[in-house]
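**Q** Mind having a look at this structure? Questions to follow.
The values are calculated or read from the model by the stated rules, or taken from the named source; none is laboratory data. Bear in mind the structure is a predicted one, so any value in this text is a computation, not a measurement. Every residue, glycine as well, gets a Cβ built from its backbone with ideal geometry; the counts of neighbours run over all protein chains shown. To get the accessible areas, we keep the full protein, side chains included, count just its heavy atoms, and leave off ligands, DNA and RNA. Shrake-Rupley method; radii C 1.70, N 1.55, O 1.52, S 1.80 Å.
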Amino acid sequence: AQSVTQLGSHVSVSEGALVLLRCNYSSSVPPYLFWYVQYPNQGLQLLLKYTTGATLVKGINGFEAEFKKSETSFHLTKPSAHMSDAAEYFCAVSERGKSTFGDGTTLTVKP
Amino acid sequence: DAGVIQSPRHEVTEMGQEVTLRCKPISGHNSLFWYRQTMMRGLELLIYFNNNVPIDDSGMPEDRFSAKMPNASFSTLKIQPSEPRDSAVYFCASSSDRGMYNEQFFGPGTRLTVL
């Protein structure tokens, strides 16, 4: 069975600082991994995804994530936070067409 | 493409009433998901359809909840009778499994308040 653990339900950074949101997964098959972002009063939007190939994946808005099989991790990073990055972020693992989502991490960006 | 369409966007009802939420997936997508999001429980998968057939309904909380997908372009989630603890945001999402990626496209959600 697949599962996702997001470490830290709330992360706060200053504008311009590095953003690091942690995600660890378990899956019985090679995983498809995703990061979604949810802005207030909106549905989830895909940020980036890993399926096969290059382990460093680039997404929208300057975010990227690295798939590390040995660590079963798929952490999300952004070199410099912007106020508009404040949102809730969900890591997900997909297996056989069904995704399992983590509990989400709320990112706060301080001016 | 218009994306996933959900209606209504907001619903306020009284305990005991029937509530029907509607979803139109993206054209060509053959998988459809219903989720519920609350502060306490986060994002929960309620039911998952593939090619209009329910595949996994283990997340449906109880018999008061039912979901149908009569055709590839329409699905409903019904709560009868509704209770205050059903208050939540309900999301519909769709995806295509013709490719390898299985990412889901979410609708804007229906905010349900049961008084």
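**Q** Whole number in Å², please: accessible area per residue of the protein assembly as shown, 1.4 Å probe, ligands, DNA and RNA not counted.
**A** Accessible area per residue, the protein assembly as shown: 49 Å².
**Q** Whole percent per 5 Å bin, from 0 to the bin with the longest distance: what is P(r) over all C-alpha pairs of region B:37-102?
**A** 3, 14, 25, 26, 17, 10, 4, 1, 0
**Q** Based on DSSP loop calls and a cut-off of at most 15 other Cβ atoms within 10 Å, the longest stretch of chain B free of exposed GluC sites (Glu not before Pro) is what? Spell out each step's value before the answer.
**A** Working: sites that count: B:E14, B:E18, B:E62.
Looking at chain B, B:63-115 is the longest stretch - no exposed GluC sites (Glu not before Pro) with at most 15 other Cβ atoms within 10 Å.
**Q** Can you work out ³J(HN,Hα) from phi for every residue in region A:57-64, in order, using Karplus 6.51 cos²θ - 1.76 cosθ + 1.60 and θ = phi - 60°, giving whole Hz and x for Gly and Pro?
**A** After applying 6.51 cos²θ - 1.76 cosθ + 1.60, I find 10, 9, x, 7, 6, x, 7, 8 Hz.
**Q** Then there is this: Sort A:D85, A:D103, B:D63 from largest to smallest accessible area, using a 1.4 Å probe on the heavy atoms of the protein chains.
**A** If we order A:D85, A:D103, B:D63 from most to least accessible, we get B:D63, A:D103, A:D85.
**Q** Kindly provide the pair-distance distribution of chain B built from C-alpha pairs, with 10 Å bins from 0 and whole-percent values in order of increasing distance.
**A** Using 10 Å bins, I get a P(r) of 15, 50, 29, 6, 0 for chain B.
**Q** Further, regarding this structure: Residues in region A:12-56, backbone N under 17 Å from the label point at A:M83 (7 Å along the Cα-to-beta-carbon vector): list them, ranges by number please.
**A** Zone members listed by number: A:13-17, A:40.
**Q** Looking at region B:10-56, which residues lose a minimum of 40 Å² of accessible area between their chain alone and all protein chains in place, measuring with a 1.4 Å probe and not counting ligands or nucleic acids?
**A** The answer is B:Q37, B:L43, B:Y48 - residues whose exposure falls by at least 40 Å² when every protein chain is included.
**Q** Hand me the trypsin sites (Lys or Arg not before Pro) from region A:41-85 located in a DSSP loop with no more than 12 other Cβ atoms within 10 Å, in residue order please.
**A** A:K69
**Q** Something else about it: Taking the dipole about the Cα centre of the protein assembly as shown, with the C-beta of Lys and Arg at +1 and of Asp and Glu at -1, give me whichever of A:L20, B:P84, A:Q42 is farthest to the positive side.
**A** The residue sitting most towards the positive pole is A:L20.
**Q** List the residues whose amide H sits under 5 Å from the amide H of B:E83, counting only those 5 or more places along or on another chain, with H placed 1.01 Å from N in the peptide plane.
**A** Those qualifying (amide H under 5 Å, at least 5 residues apart or on another chain) are B:G16.
**Q** Write out the trypsin sites (Lys or Arg not before Pro) in region B:1-94 meeting two conditions: DSSP loop, and at most 15 other Cβ atoms within 10 Å of their Cβ.
**A** Sparse-neighbourhood loop trypsin sites (Lys or Arg not before Pro): B:R9, B:R41, B:R64.
**Q** Just the Cα atoms of chain A: what Rg and Dmax do they give in Å?
**A** When restricted to Cα atoms, chain A yields Rg and Dmax of 13.2, 42 Å.
**Q** Starting from the Cα of A:K69, draw a straight line to each of the aspartates and glutamates and keep only those under 19 Å, dropping any in the same chain fewer than 8 residues away.
**A** Reachable aspartates and glutamates: A:E95.
**Q** Still on this structure, I have one more. Take A:K68 and B:I5, extend 7 Å from each Cα along the Cα→Cβ direction, and tell me the distance between the two endpoints in nm.
**A** Each label point is offset 7 Å from its Cα along the Cβ direction, giving 4.6 nm.
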